[in-house]
Amino acid sequence: MSLAVSGKVTAALEQQARFCAALGAPFTGALCRVLATGVDPASLTGQRLAAWPGEPMTDALPMRLTGALHWLVRGGRAPGLAALYPPAAMPDDAGLAAALAGLFAVPAIDAAIAAFLDSPPQTNEVGRSGALVPALLTLVAKTGQPLALNELGASAGLNLNLDRFAFDLGGVTAGDPASAVRIAPNWQGPPPPAAALQVVARAGVDIAPLDASDPAVAERLMAFIWADQPERLTRTQAAIALARAVPPPLEKGDAADWLERTLSLADGVTTVVYHSIAFQYFPPTVQARVMGHLAKLGATATPQRPLAWLRMEMDDPANPTTPAIRLSLWRGNGEEAQLLGHCHAHGTFVQWAG
Ligand SMILES: C[S@@+](CC[C@H](N)C(=O)[O-])C[C@H]1O[C@@H](n2cnc3c(N)ncnc32)[C@H](O)[C@@H]1O
């Protein structure tokens, strides 16, 4: 295959290849490594990559490309490449290169890949509920009240249904044991408190909400999950089916605008604002307004009308790649802040401090 990718695109693909290999996605890593050796310059995709205007890593270009391929494979439009995808045995680079060259040589497929590159990846990781729910159990153990859930940066809103998933959290079960969405992170540390989750209200916001009931949107969401990770694919598919049956109430808007407009406290209910791997994407002014509004509303909270702020975010300088699970609670005595633990970015493991 002759080269058509620019040096910066090659470097981004090579970096992503190392990243995937380190994160347990060797097949997706191999795809990136082979794509880094070049894409046919006569193809639309090759021309697109060669002239990429932005910063490929910032634009998540490698994820756009592997997402496009996975999307074609899942849609049955690339049988030659599909035969090499997991659960097949790991192919060699030459076999992968030949299958990819075959794809870029088909004009309709090449055009579909090039068009897929237009939009940035958007994901919704259900595994993160394995870090959010133990924090909600901790909250219920403190307040003894039902919960009103408010999620910021909710994407497709799959985690607005988290009380409807089945959890095994270090031996503590929670949620709906009959649920097809099964969440059992590798648990380290003491178990969370056993408590009954009762959700009496739920709402979410995203600047670009995804409608998981739209099959095309759902397929795109699935395509961005690495093909090496069958457990992520299974639980996301199950959460999408659940969201179709019980659609999460999701609004389009900015997190701060929405919070300032909609958030209020209610008697006998713990109002929870939560977010996972979302805060870093909010502009600094939005982050400041969210925190300011929570502090302002928190100052009016009482034991009867508490306010909680739960986040799973990469905000711990001591653990820059491991998200921290933090809980703040206002119930009349100022902010009670707690670092509950850390977890894998997809919720694969939870290191619980309790
Ligand atoms: C990495 S995704 C995480 C989605 C979800 N919280 C999860 O854990 O899977 C970040 C989300 O934040 C949303 N977002 C970015 N800026 C936003 C804003 N100002 N207000 C609301 N949502 C925003 C994005 O559209 C995206 O869906």
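Could you give the accessible area per residue of the stretch 7-116, probe 1.4 Å, as a whole number in Å²?
41
For the chain, state what percent of all Cα-Cα pairs lands in each successive 20 Å bin, counting from 0 Å until the bin that includes the largest distance.
Taking every Cα pair in the chain, the percentages come to 29, 53, 18, 1.
Setting aside same-chain residues fewer than 8 positions from Lys252, which aspartates and glutamates have a Cα under 17 Å from its Cα?
Glu151, Asp206, Asp211, Asp214, Glu260
When you count, for each residue, the other Cβ atoms within 10 Å and take the mean per peptide, how do 118-125, 25-32, 344-351 rank with the highest first? If you can, show how the numbers build up before the last one.
Values: 118-125: 16.2, 25-32: 23.1, 344-351: 19.6.
The peptides rank, most packed first, as 25-32, 344-351, 118-125.
When each pair of different Cα atoms in the stretch 256-354 is counted once in the 1/r mean, what is the Kirkwood radius in angstroms, to one decimal?
Taking the inverse mean of 1/r over all distinct Cα pairs, the stretch 256-354 comes out at 14.2 Å.
Helix-only estimate, please: 222 nm mean residue ellipticity of the chain, summing -39500 (n - 2.57) across DSSP H runs of length 4 or more and dividing by its residues, to the nearest 500.
Helix contribution divided over all residues of the chain: -12000 deg cm²/dmol.
About the Cα centre of the chain, what is the dipole size in debye to 20, counting +1 per Lys and Arg Cβ and -1 per Asp and Glu Cβ, all else neutral?
Numbers: 24 positive and 29 negative charges, 76 e Å.
The calculated dipole for the chain is roughly 360 debye.
Counting heavy atoms of the protein chains only and a 1.4 Å probe, report the per residue accessible area for the stretch 126-352 as a whole number of Å². Could you put the intermediate results ahead of the total?
Numbers: 8910 Å² over 227 residues.
For the stretch 126-352, the solvent-accessible area averages 39 Å² per residue.
Might you work out the accessible area of Arg326 for me, using a 1.4 Å probe with all protein chains in place, and round it to the nearest 10 Å²?
60
Residues with amide H under 5 Å of Ala203's amide H, sequence separation 5 or more or different chain, H placed in the peptide plane at 1.01 Å from N; which?
Placed amide hydrogens put Leu149, Asn150, Glu151 under 5 Å from Ala203.
Please give me the summed charge of the neighbours of Pro283: other residues whose Cβ is under 14 Å from its Cβ, Lys and Arg +1, Asp and Glu -1. Working shown, then result.
Numbers: positive: Arg289; negative: Asp254, Asp257.
Net local charge, Pro283 excluded: -1.
I want to verify a result. In a Gaussian network model of the chain, Cα cutoff 10 Å, which of these has the top mean-square fluctuation: Asp211, Asp168, Asp257?
Maximum among the listed residues: Asp257.
The values are calculated or read from the model by the stated rules, or taken from the named source; none is laboratory data. As the structure is a prediction and not an experimental result, all values here were calculated from the model. Cβ coordinates were reconstructed from backbone atoms using ideal geometry, including for glycine residues, and neighbour counts include every protein chain displayed. Keep in mind that these areas ignore ligands, DNA and RNA; they rest on the heavy atoms of the full protein, side chains included. Shrake-Rupley method; radii C 1.70, N 1.55, O 1.52, S 1.80 Å.
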